[in-house]
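The values are calculated or read from the model by the stated rules, or taken from the named source; none is laboratory data. Please read all numbers here as calculations on a predicted model, not as lab measurements. Neighbour counts are summed over all protein chains in view; Cβ atoms, including those assigned to glycine, are modelled from backbone coordinates with ideal geometry. When the accessible area is computed, the model is the full protein with side chains, heavy atoms only, and any ligands, DNA or RNA have been set aside. Shrake-Rupley method; radii C 1.70, N 1.55, O 1.52, S 1.80 Å.
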Amino acid sequence: MKYRLPICAFLLMAVSAASAQVASHAPTAIANTASAPTSPLQVSDKPVARVNGTVLTDRDLLREMYTIFPYAQQHNGFPKAQEAAIRQGALEMIIFEELVYQEAGRRKLAIPAEKLTRAQAEFRKQFSSPDQYQQYLQAEMHGSEQQLRQQMRRSLLIEQVLKTDVELRSSVSPAELQAYYEKNPARFQQGETFTIQSISVMPPLKPTADQAKEARRKAEDALRQAKATKSYREFGLLAEKISEDDYRVNMGDHKVVPSDKLSPAVVKTLQTMQSGQISGLIQMESAYTIIRLNENTPARKKPLAEVKNELKTELQKEKYEKLRSNLAKQLRAKAKIEVG
């Protein structure tokens, strides 16, 4: 996890490339929530917490709230239904960061001047003009470059502690991956799957005798035409033309379907077929289905090589969160924290 100096949301709503990128790729659920009733927050620099005597203000809190919920920049506030949870999460985060920063001081860690200068130069690149940068300095740093430099130094020290105590220790070795894979075999079992296309004739659920007769006639005619097709495309075009099920809009293609998602009658038929083969009529209540089998993948255990990357990311994330949580508990245990 990387820590960097928060950018003032009030000044960079439209121009911060980072903020715009987060907003444009935010999950749909968040985007929808952002249209709900919102509650704007005012900043007065009043204390919201004290950590070993160091005061954290509502300005620090609001910055973190915007980090958690960047859509608030575009909607003049936070969804009322979520504001309390966002505020609590932000409060916990700024307290944690202050504890980590104080821990860096106890360890007498330092940031080389050249690294700090580079970070400051990178930070300035996020502003579209010198005037905008000066606006930020005036609003957030009382016009002080030195205060900005100190805030950047603080962020880099937090990042340094987290890197040594959490990030580097959360790496997952090949041996750990192998051990997890072997201890959890059921997780990597994949059932039998089929890749199929279908053409269906679907009369009313309770057809009259004439409707049932007509459905049978249509199904037999569909089967004759289906048997005449020679490829995925030919069968698919026919499905689009005559099929009555929902898959007709996609060339009758169901893509990959687990066997337990298909009716027993369909599975029984598919298990007797070869790839490219077309079934006879399969009747299910009053409906008829014709299936083209494109591929049958037998049940198997996925090899470690196939799941390695995804599994490594998952285990690293779990390890990281556990280490971070433990660090927070250790730092809180020896700290005096006052909220409010």
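Points to keep in mind about this one:
- The lone exception for residue 319 - which of (1) more than 30 Å from residue 102 (Cα to Cα); (2) part of a helix (DSSP H, G or I) it fails: (1)
- Scanning region 294-316 for residues being free of Cβ contacts under 8 Å to residues at least 24 places away in the same chain and outside any loop (DSSP other than H, G, I, E, B) gives a total of 6.
- Among the numbered conditions (1) surrounded by 15 or more Cβ atoms within 10 Å (Cβ to Cβ); (2) free of Cβ contacts under 8 Å to residues at least 12 places away in the same chain; (3) charged (D, E, K, R), the only one that residue 224 does not meet is (1).
- Of 145, 182, all but one fail to be acidic (Asp, Glu), without any contact (Cβ under 8 Å) to a residue 12 or more places away in the chain and farther than 29 Å from residue 54 by Cα; the exception is 182.
- Boolean, residue 205 is under 44 Å from the mean Cα position of the chain (by Cα) and open to solvent by less than 40 Å² (accessible area, probe 1.4 Å): no
- Taking region 60-84 as the range and being free of Cβ contacts under 8 Å to residues at least 60 places away in the same chain, in contact with a helix residue (DSSP H, G or I) (Cβ under 9 Å, 6 or more places away or on another chain) and in a helix (DSSP H, G or I) as the test, the residues that pass are 60, 61, 62, 63, 64, 65, 68, 81, 82, 83.
- First in region 193-214 and aromatic (Phe, Trp, Tyr), second anywhere and part of a strand (DSSP E or B) and open to solvent by 30 Å² or more (accessible area, probe 1.4 Å), Cβ under 6 Å, 6 or more apart: 194/296
- Filter result (surrounded by fewer than 16 Cβ atoms within 10 Å (Cβ to Cβ) and either part of a helix (DSSP H, G or I) or hydroxyl-bearing (Ser, Thr, Tyr) (or both)) within region 170-187: 171, 173, 174, 175, 176, 178, 179, 182, 183, 185, 186, 187
- For residue 47, the stated conditions do not hold, so it cannot be described as farther than 22 Å from residue 336 by Cα, open to solvent by 50 Å² or more (accessible area, probe 1.4 Å) and modelled with pLDDT of 50 or more.
- When residue 235 is tested against the conditions (1) under 30 Å from residue 308 (Cα atoms); (2) touching a Lys or Arg at 6+ places or on another chain (Cβ under 6 Å); (3) of a type in the set (A, V, I, L, M, F, W, C), the lone failure is (1).
For every residue, the table says whether it meets (1) in contact with a His (Cβ under 9 Å, 6 or more places away or on another chain); (2) surrounded by fewer than 17 Cβ atoms within 10 Å (Cβ to Cβ); (3) of a type outside the set (Val, Ile, Thr).
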residue: 240; (1), (2), (3): no, yes, yes
residue: 243; (1), (2), (3): no, no, yes
residue: 247; (1), (2), (3): yes, no, yes
residue: 252; (1), (2), (3): no, no, yes
residue: 259; (1), (2), (3): no, no, yes
residue: 266; (1), (2), (3): no, no, no
residue: 276; (1), (2), (3): no, yes, yes
residue: 285; (1), (2), (3): no, yes, yes
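- Qualifying residue in region 102-119 (condition: farther than 20 Å from residue 161 by Cα and at pLDDT below 95): no
- Residue within region 275-288 that is of a type in the set (D, E, K, R) and either under 30 Å from residue 61 (Cα atoms) or at pLDDT 95 or above (or both) present: no
- Residues satisfying the stated conditions in region 106-160, i.e. among the hydroxyl-bearing types (Ser, Thr, Tyr) and either surrounded by 11 or more Cβ atoms within 10 Å (Cβ to Cβ) or assigned to a helix (DSSP H, G or I) (or both): 117, 128, 133, 136, 144, 155
- Scanning region 287-320 for residues that are among the hydrophobic types (A, V, I, L, M, F, W, C) and open to solvent by less than 60 Å² (accessible area, probe 1.4 Å) returns 287, 290, 291, 293, 304, 307, 311, 315.
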